Amino acid sequence: MKEILYVGAGGFLGTLTRYVIQLGIPAANVGFPWAVLLINALGSLFLGWFFTIAVPDKITPQLRLAIGTGFTGAFTTFSTFTLDIVRLSDGSMWMKASIYMMASLLAGLLLCALGIRLGQLMRGKSAQDGAAT
C-alpha cells in the first residue's frame, strides 16, 4: 500500500511539472506540439539517467518508485503524443505529423542513450563497462 503512495506523490509532482511547461509553450491546436515534444524528450533523458544512477545501495526502492514510475510516468505523455499526431493528421497537416512523430522518436532514443551515458559517467563507468553487465 505504501508503494501506491510513493507512486502517487511522484505522479502528482510530475503532472504539475508537465502542466507548467505546457502553460509556457503554445498549445498543440495552434501549430506544432512543441511542449509535448520537449516534455517527452526531457523525460527520456531523465529516465535513462535516473535508472542508470538509481543503484540499490544509493537510492531506496521507494524513491525509485516515486521518481521513476510516479514522477516520470506522469511527466511524460504518450497519450498526448498520439492525440497530437491524430489532430495534425485530421487537419491535413501530414508533413507536420510525420516530422513530429520522427522527431519525438529520435529525440527520445538519443536523449535516453545520452542520459544513460551521463549516468555512467557520474558513476565512474565507461560505456563498455555498462554494456558488459
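The values are calculated or read from the model by the stated rules, or taken from the named source; none is laboratory data. None of the values given here were measured: they were computed from a predicted structure. Backbone-built Cβ (ideal geometry, glycine too); neighbour counts: all protein chains shown. To get the accessible areas, we keep the full protein, side chains included, count just its heavy atoms, and leave off ligands, DNA and RNA. Shrake-Rupley method; radii C 1.70, N 1.55, O 1.52, S 1.80 Å.
Numbers for the structure displayed
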| read-out | value |
| --- | --- |
| Inter-probe distance in nm under a simple model that places probes 7 Å from Cα toward Cβ, at L83 and M101 | 1.9 |
| Global geometry of the chain, whether rounded, prolate or oblate, following the gyration tensor of its Cα atoms and the 1.5 cut on a/c | oblate |
| Computed helical MRE - 222 nm, the chain, DSSP H runs ≥ 4 contributing -39500 (n - 2.57), nearest 500 | -24500 deg cm²/dmol |
| Of the DSSP H helices in the chain, those whose Cα atoms cover at least 27 Å axially and whose Kyte score averages -1.0 or more | 2-24, 34-53, 94-123 |
| Rounded D (µm²/s) - region 71-125, Kirkwood Rh over Cα pairs, Stokes-Einstein at 4 °C, 1.567 mPa s | 100 |
| Cβ-based net charge around A9, under 14 Å, with every Lys or Arg adding one and every Asp or Glu removing one | +1 |
| Two-decimal Rg/Rh across region 34-77, once Rg and the Kirkwood Rh are taken from alpha-carbon atoms | 1.03 |
| Separation in nanometres of the label points that stand 7 Å from Cα toward Cβ, at A113 and V55 | 2.4 |
| Residue order for M95, M102, M1 - accessible surface, 1.4 angstrom probe, largest first | M1, M95, M102 |
